[in-house]
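Accompanying notes for the structure given below.
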């Protein structure tokens, strides 16, 4: 059994020892409340900026197709857990043809799908690296 050395609470001016992560019990609870509020605010803004699911193409027809796909492909492509979500490998961004292209679908567990979608949202708007044929390297604008 290894014993880690005690650390002071990371909250400025607090003289207590950290017991939960980097904070004492009092400040850990405050931090959790702040984090919960920030996540709720992020979710609220995301919902306001996003069109309803039916408007984005996730209709009854999609739900039927998704269910059939999961039955035929029950394992997550990334981690091997049971699949719960059907992911568009290349984000369709409203392109109906790409949306219904089954070659663009993959089965993922919810955790892997969330991780992939989060990464795509973070990269959205950022310029992607381009290959420089003369140098044979990736150029990041």
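Every read-out reported here was derived from the displayed coordinates using simple, explicitly stated rules and does not represent laboratory data. Just so you know, these numbers come straight off a predicted model, no measurement behind them. Note that each Cβ is placed from the backbone with ideal geometry, even for glycine, and that neighbours are counted across all protein chains shown.
Listed values, structure above:
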read-out: 222 nm mean residue ellipticity, helices alone, for the chain (DSSP H n ≥ 4; -39,500 (n - 2.57); rounded to 500); value: -13000 deg cm²/dmol
read-out: Degrees between helix 60-72 axis and first principal axis of the chain (Cα, 0 to 90, nearest 10); value: 80
read-out: Packing-based exposure ordering (other Cβ within 10 Å, fewest first) of 98, 35; value: 35, 98
read-out: The range 34-86-the range 1-30 distance, computed between alpha-carbon centres (Å); value: 37
read-out: P(r) tail fraction, the chain - alpha-carbon pairs more than 22 Å apart, %; value: 63
